[in-house]
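Structure first, commentary second.
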Amino acid sequence: MIPLPSHLIYLLTFISALIISIVSIPQIMYISARKRLFDLPDNDRKLHLRVVPNLGGIGIFFAYITTCSLFLNPESFKHWNYIIASSLLLFLTGIMDDLVSLNASKKFFAQFIAAFITVCIANIRLTSLHGIFGVHELTYWYSAGFSIVGIIFITNAFNLIDGIDGLAGTIGGLCTFSLGLGLAASGNAGPASLAFSLMGAIVGFLRFNTAPARIFMGDTGSLLIGFTISTLCIIFVNSFDVSASEQQNLVLAGGDITRVIHSPHGALLIGLAILFVPVFDSFRVFTTRIMKGVSPFKADRTHLHHYLLDLGFTHTRTVTILITANILIITVSLLLQDLNPNIGILSILILSFGLFAVLYYMRKHRMESATYKKPPISSSKVTSSGDIYQKV
């Protein structure tokens, strides 16, 4: 292939994946309708009231994998084949779950294998916490264990936020865009191309997934997106975990990223901020369920998007509020990156729980008001047949 400037490759990967996604997803919708492959409403946890195809993740994966194969230079990302192999494993797991519903243990086993390949074979792992909680360098086993758990957690976090039209796709688009910019600026051309490829596939899918959704991504899409973003986030943080001479090489290769991100612990703080909505929501929900003595994986209506829907917001308005909150947290992390990392983490947590507290009490007040406004049957008469007539 003719050598092209990096910025042109990023643009080509995004546009190519976007076009492939837009073209392929209507065909998937047609086949789903012909074969009656739908996500059926259950009138309990699921929020949609119509039968909707749930195989949109196939289109995302097809666009992503095709574009990576065409444009990604293996020399710029030597371990990309392991990422693709892990992605293929999760793709097969997701599509089986969407079609026949796998049990949780099988899904977790597949996620563990994908994470193990990434961490232990590709050697993509977080090597330091850069002073957060007083922890700096991690030994290999702590590093590998922490990275595997982190990848599995974030993969499931994206699966859990895929509860309303457009949410997982919009958050995934923001994450891939932010990580793509950061990786490109730090000279990581291969991972950046991968990020922009997935971003294009997601944006193409969102054309059919915004409310009212005509197709869902299913586990096929959410597992792929969560896994890829978690891996890219580790690579992004590790871009700054180098010696001064290596950092200078990155600067020369990709531009003066140090003007935006000043230190390794700043990169870690910003990486966490990019993942704010899925990580904060899943951590809060898991903690709440465990405190109540129930399984952390027991489905309920306590996610952030459920709270916003209970306040009367539409799916589109709910997505807008959550993406705005995510951008706010990223902005705050950029402003706080020069502080002690523990202070930065604490500040973001205080802001996050403060915003959630406002949301919690607004919802509580609305639910109580709705209860009080129910018209009582104050004066009624009962006929001999037992029918009740309310007095007007």
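Before moving on, here are some points about what is shown:
- With the helix formula -39500 (n - 2.57) applied to DSSP H stretches of n ≥ 4, the chain reaches a computed 222 nm mean residue ellipticity of -23000 deg cm²/dmol.
- Pairs from the table (K35/K107; K106/K292; K107/K364; K35/K106) lying more than 28 angstrom apart at Cα are K107/K364.
- Peptides ranked, highest mean first, by Cβ atoms within 10 Å: ranges 93-105, 307-319: 307-319, 93-105
- DSSP H segments from the chain that extend 20 Å or more along their own axis, Cα-based, with Kyte-Doolittle mean of 1.0 or above: 6-35, 56-71, 80-100, 140-161, 167-185, 189-209, 218-238, 315-336
- Cα pair distances of the chain binned at 10 Å [whole percent]: 5, 22, 32, 24, 11, 4, 2, 1, 0, 0
- Per-peptide average of other Cβ atoms within 10 Å, ordering 22-28, 199-205 highest first: 199-205, 22-28
- Measuring nothing but how far apart in sequence close Cα pairs (under 8 Å, 6+ apart) lie, relative to its length, the stretch 6-278 scores a relative contact order of 29 percent.
- With the highest mean first, a sort of the peptides 220-226, 347-353, 277-283, 56-62 on other beta-carbon atoms found within 10 angstrom per residue produces 220-226, 56-62, 277-283, 347-353.
Read-outs: derived from the displayed coordinates by stated rules, not from any lab. Being a predicted model, the structure only gives us computed values, none of them experimental. Cβ coordinates were reconstructed from backbone atoms using ideal geometry, including for glycine residues, and neighbour counts include every protein chain displayed.
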